[in-house]
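**Q** What follows is a structure written as structure tokens; I'll ask about it next.
The values are calculated or read from the model by the stated rules, or taken from the named source; none is laboratory data. Please read these numbers as outputs of a predicted model, since none were measured by experiment. Note that each Cβ is placed from the backbone with ideal geometry, even for glycine, and that neighbours are counted across all protein chains shown.
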Amino acid sequence: MSHELRNPLNAVIGYSELLLGDKPAAGVRSDDLKSIKGAGYQLLALINDLLDLSKLEAGRMELHLEHFAVVDFVNDIFTSWQTKIAARGNELRVSCLPSVGIILGDEAKLRQCVDNLLSNAGKFTHRGFINLTVAKEDTTILISVQDTGIGIPPEQIPNLFETFGSAKHETSSNYGDDPGLGLPLTQRLCRLMGGALTVESEMGHGSVFMIRIPDCLTSASEGAHEKSDHKDPMLAAATA
């Protein structure tokens, strides 16, 4: 089903980029095309998250382990996100000591987790700061994403990682965004990598999301073949 979902969207995105080009043709409304392109990318990201969640629940998501330098990993993230974060008047700050060194893990999936957290922080922070901090305690890598945004009501935190739960920022209408599937997916990916995702938040004072993963993944720490006992019917339909 993934092809049926992705192919039409890729066509929409591709043609909108083609029409935009370097010099849009006469009569072409660039702003409208940019809106179409942006909406297409948003929907494509949502579909990709949905398909990844369905793989995780079915126990079909695999890890691809490799050694990589954490400092380079963080620098790449900063380069990719600095402009995006600044678009809302926010400043991205990063901190990672070279002593964190090289770890054995799935770089792509860890990057996906951090990207999701930065995206979420950017949605609900305006003219503030977003801090990405990476540290190491014994054999555990700690990755913290802290923002100065609107915060999360305490009664919503227990439902924050539900796949299609009711948790939603009360003030998200003011920001025009919704948390989406990024947080449930990130939590499950962290578990797959033998780690965990936690959150601390206070309304009006921002949030801190913390990823904890081992610095050396092994087959014993992988949860790739653990199936969920509580399947969401919408996720099952996504791969039907």
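**Q** Applying the selection to the stretch 130-146, what residues are over 21 Å from Gly89 (Cβ atoms) and either of a type in the set (A, V, I, L, M) or surrounded by 20 or more Cβ atoms within 10 Å (Cβ to Cβ) (or both)?
**A** Scanning the stretch 130-146 gives Val134, Ala135, Ile141, Leu142, Ile143.
**Q** Still on this model: Check Leu33, Leu63, Leu56, Leu44 and return the single one that is without any contact (Cβ under 8 Å) to a residue 40 or more places away in the chain and under 30 Å from Val134 (Cα atoms).
**A** Leu44
**Q** Which of the residues that make up the stretch 130-145 are touching a strand residue (DSSP E or B) at 6+ places or on another chain (Cβ under 7 Å) and in a loop (DSSP other than H, G, I, E, B)?
**A** Thr139
**Q** Also, I was wondering about something else. Check Gly40, Gly27, Gly14 and return the single one that is outside the structural domain of Gly105 (by TED's automatic domain parsing) and modelled with pLDDT under 75.
**A** That would be Gly27, the only listed residue that is outside the structural domain of Gly105 (by TED's automatic domain parsing) and modelled with pLDDT under 75.
**Q** Just checking, does the stretch 74-83 include any residue being part of a helix (DSSP H, G or I) and either over 18 Å from the mean Cα position of the chain (by Cα) or not assigned by TED's automatic domain parsing to the domain that holds Leu185 (or both)?
**A** Initial filter on the stretch 74-83 (part of a helix (DSSP H, G or I)): 74-83.
Add one more test, that the residue is either over 18 Å from the mean Cα position of the chain (by Cα) or not assigned by TED's automatic domain parsing to the domain that holds Leu185 (or both), and what stays is none.
Among the residues of the stretch 74-83, not one is part of a helix (DSSP H, G or I) and either over 18 Å from the mean Cα position of the chain (by Cα) or not assigned by TED's automatic domain parsing to the domain that holds Leu185 (or both), which makes the answer no.
**Q** Keeping to the stretch 84-129, report how many residues are part of a helix (DSSP H, G or I), modelled with pLDDT of 95 or more, surrounded by fewer than 14 Cβ atoms within 10 Å (Cβ to Cβ) and not hydrophobic (A, V, I, L, M, F, W, C).
**A** The number of residues fulfilling the criteria is 0.
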